[in-house]
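Here the structure is laid out as structure tokens; the discussion comes afterwards.
The values are calculated or read from the model by the stated rules, or taken from the named source; none is laboratory data. Because the structure is a prediction, the values reported are computed rather than measured. No Cβ is skipped: glycine too gets one built from the backbone with ideal geometry, and neighbour counts run over all protein chains shown.
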Amino acid sequence: MPINFPGGVHPPTKKFTDKKYISELTPAAKVYIPVVQHVGKPAKICVKEGDYVKIGALLASADGAVSANIFSSVSGKVVGIENRPTSNGEVAHIVIDNDFTDQTDFLPRPDNPTREEILKRIADCGIVGMGGAGFPTAAKLDVPKDDKIDTLILNGSECEPYITSDHRIMLEYPEQILKGAKYIAKALNVSNIIIGIEDNKKDAIDALNKIINLKNYSDIKVVSLKTKYPQGAEKQLIYSLTKRVVPACELPSKIGVVVNNVHTALSVYYAVWEGQPLYRRVVTVSGGAVKNKGNYWVRLGTTYKDILSECKATDSLENSKIIQDSIREKQGQLNKLDKSQSAQIKQLKSEIKNLTKELDNIKSAQCVMIVNGGPMMGEAAKSNEEAVTATTSSVLFLTQQEINNISPSQCINCGKCAVVCPMKLMPMFIDLACIAGDWADAKKYGAVDCILCGCCSYICPAKRDLVSSMKKSKRMIAKRGI
Ligand code: SF4
Ligand code: SF4
């Protein structure tokens with residue numbers, strides 16, 4: 001019986017890039033590094049215009065325990081500090097002109113580091129949750145004294161459509177991920193590590209098990225999970241793997257568990273073993289509007305515009321022009337033929353039809369939306385000037401056909417949203433409460449417990465934007481202190 005959780009949906013996986021080896025995206029000439037790439041307070045800028053920085057140089061330092069250090073991802077000169085758009089509003093960015101010498105400013109490797117040294121290194125290197133949450137890892141591992149942790153879970157489920165960055169790192173960096181997991185386990189003082197991976201990534205399960213057997217890592221177990229969205233959501237993953245339930249408004253540490261993403265474990269390995277601060281990450285670049293889809297090591301601070309320029313747009317105007325010229329040429333030839341030349345007429349008409357179809361496809365491959373993350377939980381970018389951060393697992397360049405084009409209609413009381421809700425909420429009632437502005441009712445139906453997974457919106461036959469209602473309800477309940 002596959003390991004599972006209640007509710008959930010099965011959206012088309014669209015993992016177009018799961019066979020694409022990770023390669024290095026050519027670094028951009030200029031990077032724009034935001035001082036907020038994490039949950040918590042913005043980091044305090046500690047460089048100024050004109051400073052020369054190397055890869056790994058500290059640009060902004062953590063402001064308190066729930067904050068994170070921010071580092072340079074290129075070597076070059078700081079040319080400005082600007083407020084720029086992010087999906088969470090305007091944020092200060094440090095702008096650096098890349099001199100392409102790739103000089104580094106890394107830390108020395110500690111000999112057999114103690115628990116305290118590992119925690120310090122993780123904090124010093126600015127490691128944050130890289131599955132999308134962005135919670136500073138050092139703060140997460142510094143669990144409340146009363147919480148007795150017995151299990152570290154590594155999240156390798158990667159249940160969102162399109163995204164394959166975690167899948168590829170498990171295939172290509174299994175040993176490093178396991179070493180990173182061991183550092184985290186040492187920091188937590190636990191000896192039970194479970195790695196949860198969906199059963200559509202059997203090759204990743206095999207790759208990790210191979211190293212576990214080779215190294216005789218008896219404290220690490222890989223568990224195959226049913227492929228179902230949102231298998232990778234923290235509470236659902238914990239339930240699937242341990243059958244423990246995280247109480248409402250509590251952290252997993254309350255029930256003895258800490259969860260980290262596999263990419264976070266990889267970054268912990270690089271921080272401790274290689275002395276590398278967090279300056280790059282693996283990003284899946286996909287969607288119908290991008291030609292060279294793939295998994296890339298991307299320097300933090302690279303704009304979506306630069307990614308698309310490097311990976312090439314599918315809707316190249318050049319291609320359209322070539323095809324339009326060809327159609328015109330064939331149309332001219334067709335006009336010159338008389339009725340007796342039926343075979344040639346047929347041939348030309350067929351060619352024009354095919355070219356027109358191709359042209360339509362190119363037009364429809366235009367990018368109409370850029371999404372940071374997956375289509376279920378990701379954030380639509382406000383501009384292609386936004387930049388990759390520590391939590392950007394993928395950048396999707398989506399076409400009109402790939403986004404929801406249907407206007408919402410009235411709820412038909414089918415109850416499907418409640419059936420698929422992994423938190424067992426009543427999304428249709430929260431939606432109604434939100435429309436009525438009745439925040440007490442929204443709370444009564446569980447808006448606070450919503451994990452914003454999007455299953456309800458996905459399944460709704462009336463195409464109601466239930467997630468927006470959930471977000472608004474959560475915001476208003478917090479604002480009004482209800
Ligand atoms: S109500 Fe929240 S938790 Fe439930 S399906 Fe909708 S988004 Fe997911
Ligand atoms: S799935 Fe949509 S139509 Fe059905 S009950 Fe929920 S909100 Fe209403």
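If you take the residues in the stretch 234-260 that are in a helix (DSSP H, G or I) and among the aliphatic types (A, V, I, L, M), which one is nearest to V420 (Cα to Cα)? That would be L237. Right, I459: within 11 Å of ligand 2 (Cβ to nearest atom) and under 18 Å from R480 (Cβ atoms) or not? So I459 fails the test. Screening the candidates N372, N361, N413 for the property of being within 20 Å of the chain's Cα centre (by Cα) and at pLDDT below 95 yields one hit, N372.
Checking the stated criteria, D441 turns out not to satisfy the condition of being within 14 Å of ligand 1 (Cβ to nearest atom), under 25 Å from P6 (Cα atoms) and acidic (D, E). For the stretch 1-44, filtered to residues that are among the polar types (S, T, N, Q) and assigned to a loop (DSSP other than H, G, I, E, B), the residue that is modelled with the lowest pLDDT is N4. Since E402 meets every condition but one in (1) away from ligand 2 (no atom under 16 Å from the Cβ); (2) surrounded by fewer than 17 Cβ atoms within 10 Å (Cβ to Cβ), which condition does it not meet? With respect to (1) away from ligand 2 (no atom under 16 Å from the Cβ); (2) surrounded by fewer than 17 Cβ atoms within 10 Å (Cβ to Cβ), E402 is out only on (2). Summed over the stretch 210-219, the residues that are out of contact with any helix residue (DSSP H, G or I) (no Cβ under 9 Å at 6 or more places or on another chain) and either assigned to a strand (DSSP E or B) or closer than 26 Å to F5 by Cβ (or both) give a count of 0. For the stretch 220-233, check the following and say yes or no: at least one residue is in contact (Cβ under 8 Å) with a residue 24 or more places away in the chain, part of a helix (DSSP H, G or I) and among the basic types (K, R). Among the residues of the stretch 220-233, not one is in contact (Cβ under 8 Å) with a residue 24 or more places away in the chain, part of a helix (DSSP H, G or I) and among the basic types (K, R), which makes the answer no. State which residue is farthest from ligand 1 (Cβ to nearest atom) when the search covers only the stretch 417-426 and only residues that are of a type outside the set (A, V, I, L, M) and at pLDDT 95 or above. Filtering the stretch 417-426 for residues that are of a type outside the set (A, V, I, L, M) and at pLDDT 95 or above, the one farthest from ligand 1 (Cβ to nearest atom) comes out as C417.
Within the stretch 294-314, take every residue that is touching a Lys or Arg at 6+ places or on another chain (Cβ under 7 Å) and part of a loop (DSSP other than H, G, I, E, B) and give me the one that is modelled with the highest pLDDT. Step by step, filter the stretch 294-314, then rank; the result is L300. Considering only residues that are in a strand (DSSP E or B) and under 17 Å from T303 (Cβ atoms), look in the stretch 60-77 and name the one that is farthest from the chain's Cα centre (by Cα). Here the answer is G76. Annotation note: Cβ proximity below 9 Å between a residue of the stretch 456-469 that is farther than 14 Å from V9 by Cα and free of Cβ contacts under 8 Å to residues at least 40 places away in the same chain and a residue that is near ligand 1 (Cβ under 8 Å from one of its atoms) and not in a helix (DSSP H, G or I) (sequence gap 6+ or interchain) occurs for V467/C450; V467/L452; V467/C453; V467/G454.
Per-residue answers, yes or no, for (1) out of contact with any helix residue (DSSP H, G or I) (no Cβ under 8 Å at 6 or more places or on another chain); (2) in contact (Cβ under 8 Å) with a residue 24 or more places away in the chain:
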site	(1), (2)
R328	yes, no
L334	no, no
L337	no, no
S342	yes, no
Q347	yes, no
S350	yes, no
N354	yes, no
C367	no, yes
